[in-house]
Amino acid sequence: MAIAAFYGCHNIRPVELAQKSNGGENPYNPKSIDNLILALGGKNIDYNHKNKCCGFHADLQAPDTAHTLTANALLDAKDSGANYMVTPCPLCHLNFDTQQKNAAKSAKRDINLPVLHLPQMVGLALGIEPKELGLDKHIIELNFN
């Protein structure tokens, strides 16, 4: 599985606090989730938007801007070779799954990139059934064939 890690903007910022609480991870070039993807047998995909904003917090005030931010991250990951995206942030996960169709309209491109929440990726790697992980509840369908 070619997986793009999405760190987002809250888990790795502000820099001073993030570096103290996460073992010194560089918020401008984070690697922890990429390393986890590799450890679980996946192929990590590097791309420029992995530590940017997903658009969630802008959706109510500026939906067009939010959809652009969402599309930028998803399309960058997809264009870089990702078959899936994974994020530890529940807000990013919710946004990427539920707003992906709006983001695709905004970008005038099909996206169709399934997004996993980090515990779902770990569960899949450990052999837990997709339905038990709630993967059948996603808006963007996950196909493992």
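The values are calculated or read from the model by the stated rules, or taken from the named source; none is laboratory data. The structure presented is a predicted model; accordingly, all values stated were derived computationally and were not measured. Protein only, heavy atoms only, side chains kept; ligands, DNA and RNA dropped before computing areas. Shrake-Rupley method; radii C 1.70, N 1.55, O 1.52, S 1.80 Å.
Per residue, the accessible area of the chain comes to 53 Å² when a 1.4 Å probe rolls over the protein heavy atoms. Scalar couplings 3J(HN,Hα) for the stretch 123-137, obtained by applying the Karplus form with A = 6.51, B = -1.76, C = 1.60 to θ = phi - 60°, are x, 4, 5, 8, x, 6, 5, x, 5, 5, 8, x, 5, 6, 8 Hz; x denotes Gly and Pro. Restricting the calculation to Cα atoms, the chain shows an Rg/Rh of 0.95 when the hydrodynamic-style radius is the Kirkwood one. Less than 5 angstrom separates the built amide H of Val115 from those of Met85, all sequence-distant by 5 or more or on a different chain. Here's how it looks for Ala2: its modeled amide H is under 5 Å from those of Lys43, Asn83, Tyr84, which are all 5 or more places away or on a different chain.
Dimensions of the stretch 93-145 from C-alpha coordinates, computed as largest minus smallest value along each principal axis and given longest first, are 37, 22, 15 Å. Here the chain exposes an accessible surface that is 54 percent carbon and sulfur, computed with a 1.4 Å probe and the other protein chains kept in place.
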